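Quick notes on the structure that follows.
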Amino acid sequence: MKRIGRLGVMGGTFDPIHIGHLIAASEACSQFKLDQVLFVPAGDPWQKREHADPEDRFLMVELAIEADPRFAVSRMEIDRKGPTYTIETLELLRRSHPDAELFFITGADALALLPSWYRFEDLAELTEVILAARPGVEVTVVGGPGWPKIHPLEMVPIGVSSTIVRARIRADEPANYMVPARVLKHIGDSGLYRDGAA
Ligand code: NAP
């Protein structure tokens, strides 16, 4: 097994996973010389309403990444009871990879909310942050005292969001190429996102 010295951690609700997530992970891997990007679907994303249940969200990530040897997916947040706190995930990863540097990959919305996260003040000790910009989402924070070190990611702007994908499924419009074909098939087969608010 390849030794992991630099581990990217791509946390998200992934409701559903889409090309914005995958391209951000791929670019982070290349630009920051990461040995692996670990996708960690949130079990109970307590600051968000989830539309698909955790097992469906996990399966969609698995289907999306399985052909890429740089990527892996973890059940650690799905299997943990209670609200999903990123700090607890990072502490577990620190224990399982004691020699690895951790890089949490996140977008501008999540970054702006970072100070509201459980034990925000402990994040800087465990991880650096790779910031993926999304068109239409202004980057209003660039860190400061007590914040983890933030590295901007360069990527082609991808305007896709999970909200847009869900709205298209509900409206019976194509979401082809916004999400990988196998993920779209799972969404169709299981009737996900057909009803309710996007
Ligand atoms: P998400 O919607 O599934 O998205 C995952 C990440 O991908 C987000 O940071 C998002 O950026 C980014 N992204 C989405 N579309 C993109 C695009 N087109 N181009 C580039 N980047 C894109 O996940 P989320 O619900 O925001 O959760 C993010 C992480 O924060 C999760 O791991 C969650 O558990 C964690 N979190 C932790 C706490 C806590 O520990 N207390 C609280 C809240 C969230 P945007 O931010 O711009 O959407």
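The values are calculated or read from the model by the stated rules, or taken from the named source; none is laboratory data. If you're wondering where the values come from, they're calculated on a predicted model, not measured in any experiment. Quick reminder, even Gly has a Cβ in these numbers, built from the backbone with ideal geometry, and neighbours come from all protein chains shown. All accessible areas refer to the heavy atoms of the entire protein, side chains included, with ligands and DNA or RNA removed. Shrake-Rupley method; radii C 1.70, N 1.55, O 1.52, S 1.80 Å.
With respect to being touching a residue at least 24 places away in the same chain (Cβ under 8 Å) and touching a Ser or Thr at 6+ places or on another chain (Cβ under 7 Å), residue 104 fits the description. Scanning for something over 17 Å from the mean Cα position of the chain (by Cα), closer than 27 Å to residue 98 by Cα and outside any helix (DSSP H, G or I), does the range 169-176 turn up at least one residue? No: the range 169-176 contains no residue that is over 17 Å from the mean Cα position of the chain (by Cα), closer than 27 Å to residue 98 by Cα and outside any helix (DSSP H, G or I). Would you please list the contacts, defined by Cβ atoms under 9 Å and residues six or more apart or on different chains, that run from a residue in the range 1-19 that is polar (S, T, N, Q) to a residue that is open to solvent by 20 Å² or more (accessible area, probe 1.4 Å) and part of a loop (DSSP other than H, G, I, E, B)? Filtered contacts from the range 1-19: 13/48; 13/50; 13/51. Of the numbered criteria (1) surrounded by fewer than 19 Cβ atoms within 10 Å (Cβ to Cβ); (2) under 17 Å from residue 15 (Cβ atoms); (3) not polar (S, T, N, Q), the one residue 165 fails is (1). Here the range 1-25 is the region considered, the condition is being more than 12 Å from the chain's Cα centre (by Cα) and open to solvent by less than 40 Å² (accessible area, probe 1.4 Å), and the residue that is nearest to the ligand (Cβ to nearest atom) is 7. Taking the stated definitions as given, is residue 195 modelled with pLDDT of 95 or more and either over 16 Å from the mean Cα position of the chain (by Cα) or closer than 24 Å to residue 66 by Cα (or both)? Criteria not met by residue 195. Only residues that are open to solvent by 50 Å² or more (accessible area, probe 1.4 Å) and closer than 20 Å to residue 121 by Cβ were counted across the range 148-162, and they come to 1. Of all residues in the range 155-183, those that are under 17 Å from residue 61 (Cβ atoms) and at pLDDT 95 or above have Cβ atoms under 6 Å from Cβ atoms of residues that are surrounded by 11 or more Cβ atoms within 10 Å (Cβ to Cβ) and of a type in the set (Asp, Glu), 6 or more apart or on another chain, in 162/15. The residue of the range 31-58 that is most open to solvent (accessible area, probe 1.4 Å), among those that are more than 14 Å from residue 131 (Cα to Cα) and part of a helix (DSSP H, G or I), is 55. Is there a residue being touching a residue at least 40 places away in the same chain (Cβ under 8 Å) and not in a loop (DSSP other than H, G, I, E, B) anywhere in the range 133-149? No. Within the range 113-129, if we keep just the residues that are touching a residue at least 40 places away in the same chain (Cβ under 8 Å) and within 10 Å of the ligand (Cβ to nearest atom), the residue that is surrounded by the fewest Cβ atoms within 10 Å (Cβ to Cβ) turns out to be 116. Within the range 16-54, the residues that satisfy the criterion of being under 16 Å from residue 183 (Cα atoms) and out of contact with any strand residue (DSSP E or B) (no Cβ under 9 Å at 6 or more places or on another chain) are 51, 52, 53.
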